[in-house]
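Here's the structure, in structure tokens; my notes come after.
The values are calculated or read from the model by the stated rules, or taken from the named source; none is laboratory data. Keep in mind it's a predicted model, so treat the numbers as computed, not measured. Don't worry about glycine lacking a Cβ; one is built from the backbone with ideal geometry, like all the others, and counts go over all protein chains shown.
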Amino acid sequence: MVNRAYMLLDIKEGKVEEAIKLLRENTGVVAVDVLEGPPDVMTVLEASGQKQLSELTVQAFASVEPLTEQVCLLPARNKFAVLTYAGPPRRRGKRPDSRKTTRP
């Protein structure tokens, strides 16, 4: 089972591009997105175990700490499956007849 953590970062002005480059070089970082501010950057980290995830998260944060004003760490609960919304469920069988209205 994959363990996941989200790291939300407020980056010092003018340092976002540098922070993104540094974050992407870290093991365990699967996504780095620039947000519409604050926070400025969201990083997604994944690892096979919680201990490894903790270590990778600390390493990733340490790589950008001098560029960071504030950080928020959000570890995901791994007992819930990740679901993708695929629209409303399809009904089995025939569709109900649509009611036709006629005007006199």
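Okay, here's what the table says:
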{"quantity": "The range 1-30 - residue that is surrounded by 12 or more Cβ atoms within 10 Å (Cβ to Cβ) and in a helix (DSSP H, G or I) and, of those, farthest from the chain's Cα centre (by Cα)", "calculated": "18"}
{"quantity": "Number of the exception - residue 79 against (1) at pLDDT below 90; (2) in contact with a Gly (Cβ under 6 Å, 6 or more places away or on another chain)", "calculated": "(2)"}
{"quantity": "Every pair of residues 6+ apart whose Cβ atoms lie under 7 Å, when the first sits in the range 28-54 and is in contact (Cβ under 8 Å) with a residue 40 or more places away in the chain while the second is outside any strand (DSSP E or B) and surrounded by fewer than 17 Cβ atoms within 10 Å (Cβ to Cβ)", "calculated": "46/2; 48/2"}
{"quantity": "Candidate set: the range 31-80, residues that are of a type in the set (Gly, Ala, Ser) and loosely packed, with under 15 Cβ neighbours inside 10 Å; chosen: the one farthest from the chain's Cα centre (by Cα)", "calculated": "62"}
